[in-house]
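One structure is given here, and the rest of the page talks about it.
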Amino acid sequence: MNHMKLNYKRVLLVGMAFFLITAFWQAYDAIVPLILTNHFGLSQTASGAIMSIDNVLAVFLLPIFGALSDKVNTRYGKRTPFIFIGTIVAVVAFAVLTFIDNLQLARVIAAEIPEIQQGAMSDDEFMEFTRKKAVELTQANPLPFVGFMATLLVTLLAMATFRSPAVALMPDVTVKPLRSKANAIINLTGTAGGIIVLVLGMVFATSKNTYMQYTGYVFAVIAVMLVGFLVFLISVKENQWAAEMAEETRRLGTSDAQEETVCGGGKLTRSELTSLLLILASVALWYIGYNSITSKYSVYATNILHFDFNLTLIVAQAAAIVTYVPVGIIATRIGRRKTILAGVLILAAAFGIGHFITPDTPEVVMYPVFSLAGIGWATINVNSFPMAIELAKRGDVGKYTGYYYTASMAAQIVAPILSGALYDLCGMRNVFFAFGAAFVMFSFVTMLFVKHGDAEILEKKSVLEHLDVD
């Protein structure tokens with residue numbers, strides 16, 4: 001029998017590209033909504049629309065650049081040139097973004113907007129009053145806003161150019177039977193990048209000051225990104241590792257050609273198609289609920305609750321990480337569908353409790369609530385992707401993976417816009433957590449009627465395989 005062993009060090013080094021990607025998005029999602037609403041005076045609807053641009057670009061650009069990198073062949077490899085150029089442009093543009101924001105912030109401070117006292121106004125009234133003042137400044141001289149948006153677009157385009165190539169690099173250098181283990185390492189590497197940036201957010205107190213300059217924080221984040229980038233450039237030998245993987249694949253007799261001979265396409269039955277559509281509808285619904293919270297929590301925590309959003313998000317991520325293994329075990333015992341339904345209830349309960357938390361509530365109460373949210377989301381996320389591709393006929397896994405990500409990406413486009421419009425209409429305090437809880441519960445109804453995709457999961461031999469999430 002041929003023996004296979006995952007090269008953990010190699011996968012970890014390849015994962016440094018995903019590490020810097022996750023670090024960037026953690027910082028971007030934290031401060032850009034705050035800049036748009038507090039410094040430029042945008043409504044939650046307009047801010048939500050801008051925050052969804054990256055998802056709109058992703059739908060179109062990720063497949064294009066992924067396919068383009070398949071056809072490129074340089075002495076540095078297929079994927080590395082995209083990662084190199086994309087990272088350099090992204091970090092420069094991200095830095096410039098904060099300088100443009102500083103120009104606007106100087107005008108806001110000169111207009112004494114931070115000096116306006118809240119007094120007898122409610123949180124929503126106070127936010128609306130100061131927002132109008134900021135809007136007046138933006139309308140009087142829109143150049144900083146135009147420059148900010150142009151630079152933002154450059155940043156997002158740069159990030160979109162190398163995400164697919166970075167993700168594709170792991171299977172390029174890992175034989176098929178070991179890709180689940182490798183994917184777990186990649187995901188954990190990415191999570192580490194996100195947590196480091198959340199800690200930086202606490203150090204720089206990004207949630208404490210509505211009118212702070214973010215330059216120092218962003219430069220610290222860029223330093224983290226560049227550490228991952230340099231480790232990747234110095235250590236990863238893409239062409240050599242890809243050639244070694246191809247040789248090992250031939251030695252093990254698991255080549256793509258051999259696999260294709262036993263792969264037959266096929267149509268889904270009516271019942272299977274119904275289940276697939278219900279699974280995809282569930283994915284879209286819980287992503288709308290979850291993303292509506294995560295995309296605007298920095299604004300809600302800072303402006304409404306006056307809490308530190310960084311620590312609560314760290315708690316949620318930590319809870320998710322320690323949940324992966326137990327959830328994998330539970331799903332093998334009771335099935336994916338039942339496990340997902342339990343996760344949906346846990347997540348909805350967390351958001352439901354969050355609705356009753358006010359600025360007068362001790363901040364420590366938010367930690368168990370977000371722990372619950374992290375547990376619920378991990379329970380859903382670990383099992384939903386396998387359910388979707390379980391329905392794929394052999395040879396169609398890539399197509400069904402596309403279906404899954406289309407549903408989740410479309411939901412992340414809709415969520416900030418739809419929730420933002422509701423916040424403007426009803427007041428953020430009244431509907432923030434309620435909106436998230438409602439859409440998560442809608443997914444419970446659709447998942448309840450799923451009849452397929454719940455095949456028995458083989459017993460895992462490795463703890464790391466339990467951590468394999470999408």
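Where a number appears in this text, it was derived from the coordinates with a stated rule and is not lab data. Being a predicted model, the structure only gives us computed values, none of them experimental. Reconstructed Cβ throughout: ideal geometry from the backbone, glycine too, with neighbour counts over all protein chains shown.
Segment THR215..MET202, full-extension length gain: 3.2 nm, with 0.36 nm per residue of separation and the alpha-carbon distance subtracted.
Could you tally the net charge around ILE83, taking each other residue with its Cβ under 11 Å from the Cβ of ILE83, Lys/Arg +1 and Asp/Glu -1? Net charge in that neighbourhood comes out at +2. Spatial offset of segment 140-161 relative to segment 58-91 amounts to 21 Å, using the alpha carbon center of each.
Backbone geometry of segment 66-76 corresponds, through the Karplus equation with coefficients 6.51, -1.76 and 1.60 at θ = phi - 60°, to 3J(HN,Hα) couplings of x, 5, 4, 5, 5, 8, 7, 8, 10, 5, 9 Hz, x marking Gly and Pro. Measure up LYS267/LYS338; LYS71/LYS267; LYS267/LYS451; LYS78/LYS237; LYS5/LYS78 against 21 Å on the Cα-Cα distance and list the ones that go over. Pairs exceeding 21 Å: LYS267/LYS338; LYS71/LYS267; LYS5/LYS78. Per residue, the convex hull spanned by the Cα atoms of segment 306-373 amounts to 69 cubic angstrom. Couplings 3J(HN,Hα) of segment 21-26, computed from phi: 5, 5, 4, 4, 5, 4 Hz, in residue order, whole Hz [Karplus 6.51 cos²θ - 1.76 cosθ + 1.60, θ = phi - 60°; x for Gly and Pro].
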